[in-house]
Amino acid sequence: MKKSIIFTIAICLFSFTACGQQNSSSNNKTKKTQQKDNNMDTSKLTNNIVKEVFEAWQKGDGQTFLSYFIADAKLYDDGNPRDFKKFVKDACGHERFTTVDKVENDGKDIYGNFHTESWGDFRTYFKFHFDADGKISRLDIGQAN
């Protein structure tokens, strides 16, 4: 009888320890992912407006992201027109750059690694086009080579 009680207590203690380890591991992974995203090197982003737009995208702040664009901004995905507002609604907060590798065109073209929940990880570009008033009128996105 004593052995049965000791065995039951041992199993309970082992279960609590295992659960604690699993949660701790999961929390550490989440913290590392957040840390990695928050510590991304954005020093290559030289255009101040593009940098602010980029940071809004990375934070998942679609409202701030959209505020930099004209009302009827155009979106082209690998050269194909897409619904810009639907794209922002669906993707912002779920998709993000994981690295910024190259910036061109006076800081308006960003190339880097990108993560999506649907398609996984791949190299991509965001190319921002400005109108005469300094608002973004077009965004070209696509898979980079």
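Computed from backbone phi, the HN-Hα couplings of the range 132-145 come to 5, 8, x, 8, 7, 9, 8, 10, 9, 10, x, 7, 8, 8 Hz, rounded to whole numbers (Karplus: 6.51 cos²θ - 1.76 cosθ + 1.60, θ = phi - 60°; Gly and Pro given as x). Averaging over all projection directions, the Cα-based convex hull of the range 44-143 occupies 5.7 nm² in the image plane.
Ordering PHE84, PHE122 by the number of other Cβ atoms within 10 Å of each residue's own Cβ, fewest first, gives PHE122, PHE84. For LYS135, no residue has an amide H sitting under 5 Å from its own, ignoring neighbours fewer than 5 places away on the same chain, with H placed 1.01 Å from N. If the chain linking ARG82 and THR64 were pulled fully straight, counting 0.36 nm for each residue of separation and taking away their Cα-Cα distance, it would gain 4.5 nm. Each residue, ASN105 and LYS135, gets one label point 7 Å from its Cα in the Cβ direction; the gap between the two is 2.0 nm.
Counted by Cβ distance under 12 Å from SER118, the other residues give a net charge of -4, where Lys and Arg count +1 and Asp and Glu count -1. Residues HIS94, HIS129, arranged from fewest to most other Cβ atoms within 10 angstrom of their Cβ, appear as HIS94, HIS129.
Read the figures in this text as sums done on the coordinates, not as results from a lab. What you see is a predicted model, and the numbers here were worked out from it, not measured in a lab. Cβ sites come from the backbone with ideal geometry, for glycine too, and all protein chains shown count toward neighbours.
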